[in-house]
Amino acid sequence: MNATPIRFLSLICTIGALAYASIAPAYGQIARTEVITFQSMTLSDQEFLSGRKDGKQVTLGGVLRLPAGTGKIPVAILLHGSGGISGNVTDWEADYNALGMGTFVIDSFTGRGIVNTNVNQFVLGRLAMIIDAYRALEVLANHPRVDPSRIVLMGFSRGGQSALYASLKRFHRMHGPEALSFAAFIPMYANCGTTFVDDEDLVDRPVRMFHGSADNYVSVAPCRSYVQRLKAKGRDVQLTEYADAGHVFDGKALKTPLIVPNWQTFRKCVLAETQSGTIVNTQTGQVFDNGDPCIELGPTVVYNEKASREVRMAVAEFMNATVNKK
């Protein structure tokens, strides 16, 4: 990437930081905000699964928010969904900061020239953001205020899928930093509809998944099956479902249900990785692509106050019991 896009990205991040500063009183725990750029790369899913290292280099940006103090603290890296960084992601910054934790929100789209992937999910590979998370882990591990042993990964929808599968040992060996690992993984309404090779072999860290039982954008059913398989192998994984909660149930700006007729959903797709590293529709045996008959349109996103309150309590308890021990 040449210097002009990098400067543009930094400008956008800086504008966002300044806008945030204007409402800082509502985030009383924040003492410092830093805009950080870092290097990642873009791979297709097949390239990712084959372990290739020669993807297109890309400069991404993220916003680090740090509470007051001078000591090293735990940090939550947040991965956005198909719509990019939105309120359901940034609302969580205040929750983590109130616990005395830092947050780092990654923008996986702007540096790649992507606005969103809602209408066409194939604009970016489903696994590409895992690499972004690994590279951010490396960057934050060297920050003077960050405890590298207490960095957790949380993701939402598309980002939730990345947060979930970033826990696979195989993916970490291929693309992750050798001497570092996330302390925990928190996938929010993640897509679990793809069976990967060796996907029951996770790094030795807890996984806590949260989903709405009424989600018609990303079905919870495949996550139930996957969690059963993981528990049978003794993995530290839990799935919490919230009755009557839909997709983005934690998004306070979505109090009125939003039905989007042209957004793609893979809710009916049952996918699997072959030994050659391709993703196929298990019902047809064909390589999964944008013309696959399992793809549907018109999902709903909607806030659920009760589920939103309960998931925030659950995450806070989990953080205080693990990485945020006093």
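Some observations on this one:
- Extreme residue, surrounded by the most Cβ atoms within 10 Å (Cβ to Cβ), among residues of region 150-167 that are in contact with a helix residue (DSSP H, G or I) (Cβ under 9 Å, 6 or more places away or on another chain) and farther than 28 Å from residue 296 by Cα: 153
- Output for region 80-102, where each listed residue is over 13 Å from the mean Cα position of the chain (by Cα) and crowded, with 21+ Cβ neighbours inside 10 Å: 93, 96, 97, 101, 102
- Residue match in region 143-152 (condition: under 14 Å from the mean Cα position of the chain (by Cα) and among the charged types (D, E, K, R)): no
- If you go through region 206-258 and keep only what is β-branched (Val, Ile, Thr), touching a residue at least 40 places away in the same chain (Cβ under 8 Å) and either under 26 Å from residue 183 (Cα atoms) or in contact with a Lys or Arg (Cβ under 8 Å, 6 or more places away or on another chain) (or both), you end up with 207, 218, 240, 248.
- The number of residues in region 240-271 that are more than 29 Å from residue 293 (Cα to Cα) and within 21 Å of the chain's Cα centre (by Cα) comes to 7.
- The set of residues in region 228-263 that are of a type in the set (A, V, I, L, M, F, W, C) and surrounded by 19 or more Cβ atoms within 10 Å (Cβ to Cβ) comprises 230, 237, 239, 245, 248, 249, 254, 263.
- Residue within region 231-251 that is at pLDDT below 95 and more than 27 Å from residue 119 (Cα to Cα) present: no
- Checking 164, 140, 180 one by one, the residue that is on the phi < 0 side of the Ramachandran plot and under 15 Å from the mean Cα position of the chain (by Cα) is 164 and no other.
- Residues (surrounded by fewer than 22 Cβ atoms within 10 Å (Cβ to Cβ) and part of a helix (DSSP H, G or I)) located in region 121-133: 121, 122, 123
The values are calculated or read from the model by the stated rules, or taken from the named source; none is laboratory data. Here the structure is a predicted model, which means the values were calculated and not measured. Here Cβ is always computed from backbone atoms with ideal geometry, including for glycine, and neighbour counts include all displayed protein chains.
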